[in-house]
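Written out below as structure tokens is the structure these notes cover.
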Amino acid sequence: MARGFQIILRQGLNAKQDFSLNSDTLSGRRLMSAVVTKSVDSYPSFTFSLDPSHREYANIFPYQSFVRVYRPDTQIMIFEGRVLTSNDQMDSSGSISKEVTCEGLEGFLHDSTPPFKEFHNTTIKEFLKWLIDEHNKQVENFKQIKLGKITVTNSTDNVYRFIDETKDTYENIKEKLIDRLGGEIRVRHENDGLYLDYMPQIGSTNKQSIVLTQNMVSLARSVDAQSVVTVLKPLGATREPAEGEASSDNAEVAYPRLNISSVNNGSLFLEDKALIAQFGRKTATQVWDDVTTASALLSKGKKFLASQANINMQLQVGYVDLAFISPSKFSMLDCGDTVHVNNKLQGIDMEQRITGLTLNCLSVANSSLTLGANAMNGSTYEAMLNKQRNAESSNFLNKLKAYQWSLANVSEQVKNKATSTDIKKLQDQIDKLNQGSWTAGTQFMDISDYQSAFTQQNFDTLYSQGIKGVIIKLTQGSESGTAYVNRYFANQKGYAVNAGMKFIGTYHYLTSTSVANAQDEARWYLKQLQANNISKSTIVACDVEDGTLSSDTTALTNEVKAFNKVLSDAGYTNTADYSSSSWMGTRFTSQSKYKWIASWGISTPPQGADAWQYNNTFNGISLDVDKSYNEAFI
């Protein structure tokens, strides 16, 4: 697979020094989350979060710090912009984090306000150039912009506009150009500075398709027909007052408009019977002030009713971008691109434009696209419905054949495209089956929210390096106390299983002060085990190491024993006590089913250990690693 994303912090747009915000190898440079959001009708944003262990935690400043997200293997820039907000917070467990929001370079256009000016017989490009020139007069050099590709036009290629001096440059561009003429803008950073493009559409036709059984993960279709008109009442110009009648300038006086009754068999309305059959009677009025004859009004009304495109369809697609698997064959899907979408089971086979994109930089498989919204007329909508009906009415055998084909296709892909890591995972599983016996000393790891920044790639790498299982911290304290639960648990468990690791079980960090308190903590742990549907066959461990625990051996032994009994009584019988070798048997006496003992710097496992935590680093990273000496672990 291609390398992931490089996320860089700079103190200034053109600063020479780059600081890595996310790294799998550099200590103290892992983000908790990182998501790029794009839309065709707004400029891009980037949000990320980090904890105080991050080396740049205190070095992120609104409007001064800049962030770049790019693919190092292709040098494609995914996002570039400045920090907009930086907010830190502490949750109920005492964990502190910071969430940062960045805006794209288009945000510079909010930093200037043009003076009032009236424009006549001015081309769109000239109008936009004047706005940008005024912007450049007011901002620092690095925010100054040049005109790039300006291809939006109107029928006369001239505009009549007033500049609104109460609004900034971006707002004037949007209101005076985009909202009236359509089109999309972007600011791009080239070697010689910033350029503004204004084009009817920004994007290209991407050769990569999104197809069921290949790279489509999920698909949801929504259809909005709220604006559709099935019965139309056309109205023309207002009837002029007869001589002696009050003027229509008087707000209290109204005059009827021209209608079609004289040329439509006495009826004021036009009906679309096909649309009425689909949506019922939905009446609306359309006014043509310049139409003065009933026959012309009838013609316009019929044309409007026949050509309306008020049925909007939108697709939400979960996908895997094939550019990460075969970068030489596919280009990345980007907002604005047009892509072919095919889902036989939902009757979808069409070209759609990507109008929105959410890119999870730490887990690309959790990214999504918005396709559409496409405005359809009645006939197009009916054609789509027919495809959908045909797909839904296909008999079970056809669907079964499709799934069988899908399975065969996936098998072929595994043969042709499986990475060395994939093959190693499969070989390990085959070897284990062939051996038919358990081997002592297999490595696993135990993790908590301290490893919240680990991505699927981290888990895949650790698996390939010999980490074959995982135990994950689930809770700490009691429901009436800290009520801590590891909010990253589900992601961490999913990543581990996807990597091929065995999910060995979970642990609770004990902070009890009495037997009753220990039972409360166990009930909180049990509640979260059940909430997360954790199998009763897994290991449930009590982490006994907190310095505030009782120093009385009998008292602590009774607390740990009471904790484990709550779990056993609920069916979680694979209890384990985790502690250091210096605590086991001295600070308390473990009576759990299994003993998980921490002892670093020795070459053999501690006596009586079912599992041995032998180090707190692994291949240069901070990570608690263990070896199993009982098949109950791994």
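The values are calculated or read from the model by the stated rules, or taken from the named source; none is laboratory data. Because the structure is a prediction, the values reported are computed rather than measured. Because the Cβ atoms are built from the backbone with ideal geometry, glycine has one as well, and the counts that use them run over all protein chains shown. Quick note on the areas: whole protein, heavy atoms, side chains included, nothing else; ligands and nucleic acids left out. Shrake-Rupley method; radii C 1.70, N 1.55, O 1.52, S 1.80 Å.
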(request) Sort Thr575, Thr461 from largest to smallest accessible area, using a 1.4 Å probe on the heavy atoms of the protein chains. (result) Thr461, Thr575
(request) Taking the dipole about the Cα centre of the chain, with the C-beta of Lys and Arg at +1 and of Asp and Glu at -1, give me whichever of Ala294, Ser326, Ala254 is farthest to the positive side. (result) Ser326
(message) Quick check on segment 541-620: what does the Kirkwood estimate of hydrodynamic radius come out to from the alpha carbon pairs, in Å?
(response) 13.2 Å
(request) Could you compute the FRET efficiency for Lys16 and Tyr70, with r as their C-beta to C-beta distance and R0 at 30 Å, rounded to 0.05? (result) 0.95
(request) Treat every Asp and Glu Cβ in the chain as -1 and every Lys and Arg Cβ as +1, leave all other atoms uncharged, and give the resulting dipole magnitude about the Cα centre to the nearest 20 debye. (result) 1920 debye
(request) Could I have the simple spin-label model distance between Glu190 and Lys117, label points 7 Å from Cα toward Cβ, reported in nm to one decimal? (result) 2.3 nm
(message) Report the Cα-based extents of segment 118-233 along its three principal axes, largest first, to the nearest Å.
(response) 53, 52, 27
(request) Please get the size of the charge dipole for segment 62-158, origin at its Cα centre, with Cβ charges of +1 on Lys and Arg and -1 on Asp and Glu, quoted in debye to the nearest 20. (result) 320 debye
(message) Between Ala274 and Ala237, what is 0.36 nm times their sequence separation minus the Cα-Cα distance? Round to one decimal in nm.
(response) 10.4 nm
(request) Please arrange Leu258, Leu529 by accessible surface area, largest first, computed with a 1.4 Å probe and ligands excluded. (result) Leu258, Leu529
(message) Using a 1.4 angstrom probe on the protein heavy atoms only, could you order Lys300, Lys16 from most to least accessible area?
(response) Lys16, Lys300
(request) Whole number in Å², please: accessible area per residue of the chain, 1.4 Å probe, ligands, DNA and RNA not counted. (result) 49 Å²
(request) For segment 1-111, give the percent of accessible area contributed by carbon and sulfur heavy atoms, probe 1.4 Å, rounded to a whole number. (result) 48 percent
(message) Distance between the C-alpha centers of segment 77-154 and segment 203-221? Whole Å please.
(response) 31 Å
(message) Checking the table Lys38/Lys344; Lys565/Lys627; Lys493/Lys593; Lys176/Lys300; Lys473/Lys536; Lys174/Lys300 against a 21 Å threshold on Cα-Cα, which pairs fail?
(response) Lys38/Lys344; Lys565/Lys627; Lys493/Lys593; Lys176/Lys300; Lys174/Lys300
(message) If I take R0 = 51 Å and measure r between the Cβ atoms of Ser53 and Phe162 in this structure, what FRET efficiency does the formula 1/(1 + (r/R0)^6) give, to the nearest 0.05?
(response) 0.40
(request) Report Rg/Rh for segment 5-93, rounded to two decimals, where Rg is the Cα radius of gyration and Rh the Kirkwood radius. (result) 0.96
(request) Identify all aspartates and glutamates with a Cα-Cα distance to Lys282 below 19 Å; exclude those on the same chain that are fewer than 8 residues away in sequence. (result) Asp224, Glu271, Asp272, Glu382
(message) Which three numbers, in whole Å and largest first, are the semi-axes of the equivalent ellipsoid of the chain derived from its Cα gyration tensor as √(5λ)?
(response) 60, 32, 26
(request) Report, in deg cm²/dmol and to the nearest 500, the calculated mean residue ellipticity at 222 nm for the chain, where each DSSP H run with n ≥ 4 adds -39500 (n - 2.57) and the sum is divided by the residue count. (result) -7500 deg cm²/dmol
(message) What distance in nm separates the two pseudo spin-label positions at Gln286 and Asn360, each 7 Å out from Cα along the beta-carbon direction?
(response) 4.4 nm
(request) Express the relative contact order of the chain as a whole percentage, based on alpha carbon pairs under 8 Å and six or more residues apart in sequence. (result) 9 percent
(message) Quick check: the distance between the Cα centres of segment 493-523 and segment 546-618, to the nearest angstrom?
(response) 13 Å
(request) Counting residues in segment 131-191 as N, plug N into 2.2 N^0.38 Å and put the Cα Rg over that result. (result) 1.21
(message) Which of the three applies to segment 158-299, rounded, prolate or oblate, going by the alpha-carbon gyration tensor with a ≥ b ≥ c and a/c under 1.5 meaning rounded?
(response) oblate
(request) Give the whole-number value, in cubic angstrom per residue, of the convex hull volume spanned by the C-alpha atoms of segment 485-596. (result) 102 Å³
(request) With a 1.4 Å probe and every protein chain left in place, tell me how much accessible area Met77 has, in Å² to the nearest 10. (result) 80 Å²
